[in-house]
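Right, one structure below, let's go through it.
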Amino acid sequence: MRMRATLGVVTGALALSAVAVPAAQADEVHGDTTISNVVVNGGKAAVVGATATKTITVSFTVKDDSGVDWAQAILYHGTDIESSDTGAVANSGDGRATCTVVSATTSNCKSTFDLEPGYNLNNASAGTWKVWAIAAGKDADYVQKDNAKSFRVQRLSKLTVNASPEPVAKGKTITVTGKLSRANWERGTYNGYSTQPVKLQFRKKGSSTYTTLKTIKTNTYGNLRTTVTASADGYFRYRFEGTTTTPAVSATGDFVDVR
């Protein structure tokens, strides 16, 4: 089994070192060891705010006819792990996964990882990440996957709305303003998300369903502004459907009394 002691990937402020990985950059299989059922963060995107560290779990199943010896996973952003621009090593002391024996041939393995703004997250690293994984059997068989699973790491989004005047006479103009912002991992703040399509929606008093009235775009600073004609009591909100780097978000409805 060809192995090396250090993974030569520097991930911004994070150096992935002192972990045992094979020299090959692409997938490798020797024997009957398999990795399957890889789940990242419960199957959901990892959404990270401007400052707080997000801890996520990666779980997977390893099988080998001689039993499972050990396993390891590394998270990274980039074309492949050798050219990744950032990443994360498991929180365990040696970087290896904790594996629980299910049977003589099968183990369920799990690792936790910290995603930290300004450390192993910068704004450009939002989007698709990958799980590099390796597992070995007790007979020295092994499997290594360059991309055992893809998942998204996203910048937390926020959306506000304000409809005025309140109250308003029927037939008069209502001005609806708001702002779409998202986490800036490099500054530790929330900044406006520019030129994004956002839906203006209305829910009539007594109803539980929002209807889209129009779609407008945020300006350079993430601000929103449009007008509608007052017709009935109800709630106005903005709705952003999200992008690969930023999750969907809805503003809390703002009630307008129409008289």
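The values are calculated or read from the model by the stated rules, or taken from the named source; none is laboratory data. The model shown is predicted, which means the values in this text are computed figures rather than measured ones. Heads up, the Cβs are rebuilt from the backbone with ideal geometry, glycines too, and the neighbour counts pull from every protein chain shown. Protein only, heavy atoms only, side chains kept; ligands, DNA and RNA dropped before computing areas. Shrake-Rupley method; radii C 1.70, N 1.55, O 1.52, S 1.80 Å.
Of all residues in the stretch 55-73, which are under 16 Å from the mean Cα position of the chain (by Cα) and either among the charged types (D, E, K, R) or crowded, with 23+ Cβ neighbours inside 10 Å (or both)?
The one that is under 16 Å from the mean Cα position of the chain (by Cα) and either among the charged types (D, E, K, R) or crowded, with 23+ Cβ neighbours inside 10 Å (or both): VAL58.
Is it the case that some residue within the stretch 228-236 is open to solvent by 70 Å² or more (accessible area, probe 1.4 Å), touching a Ser or Thr at 6+ places or on another chain (Cβ under 8 Å) and farther than 29 Å from LYS44 by Cα?
yes
Wholly within the stretch 39-140, which strands (runs of 3 or more DSSP E) include no fewer than the required count, namely at least 1 residues that are without any contact (Cβ under 8 Å) to a residue 40 or more places away in the chain?
Values: elements: 46-48, 54-63, 68-77, 86-89, 98-101, 106-115, 127-137.
Ranges flagged: 98-101.
Results for (1) assigned to a loop (DSSP other than H, G, I, E, B); (2) in contact with an Asp or Glu (Cβ under 6 Å, 6 or more places away or on another chain); (3) in the same structural domain as LYS172 (by the TED database); (4) basic (Lys, Arg), shown as yes or no for each residue.
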residue: LEU200; (1), (2), (3), (4): no, no, yes, no
residue: THR212; (1), (2), (3), (4): no, no, yes, no
residue: ILE216; (1), (2), (3), (4): no, no, yes, no
residue: TYR221; (1), (2), (3), (4): yes, no, yes, no
residue: ARG225; (1), (2), (3), (4): no, no, yes, yes
residue: TYR235; (1), (2), (3), (4): no, no, yes, no
residue: THR243; (1), (2), (3), (4): yes, no, yes, no
residue: THR246; (1), (2), (3), (4): yes, no, yes, no
residue: THR252; (1), (2), (3), (4): yes, no, yes, no
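Among (1) assigned to a loop (DSSP other than H, G, I, E, B); (2) in contact with a Leu (Cβ under 9 Å, 6 or more places away or on another chain); (3) farther than 30 Å from HIS77 by Cα, there is one condition SER208 misses while meeting the rest; what is its number?
Unmet for SER208, out of (1) assigned to a loop (DSSP other than H, G, I, E, B); (2) in contact with a Leu (Cβ under 9 Å, 6 or more places away or on another chain); (3) farther than 30 Å from HIS77 by Cα: (2).
Please state which one of THR79, THR128, THR112, THR100 is more than 17 Å from the chain's Cα centre (by Cα), of a type outside the set (Phe, Trp, Tyr) and modelled with pLDDT of 95 or more. Reasoning before the result, please.
On the way: THR79 fails: modelled with pLDDT of 95 or more; THR128 fails: more than 17 Å from the chain's Cα centre (by Cα); THR112 fails: more than 17 Å from the chain's Cα centre (by Cα).
Only one candidate passes the filter, namely THR100.
Output the number of the condition that LYS214 fails; it satisfies all remaining conditions of (1) of a type in the set (Lys, Arg); (2) surrounded by fewer than 21 Cβ atoms within 10 Å (Cβ to Cβ); (3) touching a residue at least 60 places away in the same chain (Cβ under 8 Å).
Only one criterion is unmet by LYS214, namely (3).
Just wondering, is there one or more residues in the stretch 175-195 that are farther than 30 Å from ALA124 by Cα and either over 24 Å from the mean Cα position of the chain (by Cα) or touching a residue at least 60 places away in the same chain (Cβ under 8 Å) (or both)?
Taking the stretch 175-195 as the starting set, the residues that turn out to be farther than 30 Å from ALA124 by Cα are 175-176.
Then keep just the ones that are either over 24 Å from the mean Cα position of the chain (by Cα) or touching a residue at least 60 places away in the same chain (Cβ under 8 Å) (or both); that gives 175-176.
Within the stretch 175-195 (the criterion being farther than 30 Å from ALA124 by Cα and either over 24 Å from the mean Cα position of the chain (by Cα) or touching a residue at least 60 places away in the same chain (Cβ under 8 Å) (or both)), the answer is yes, since at least one residue qualifies.
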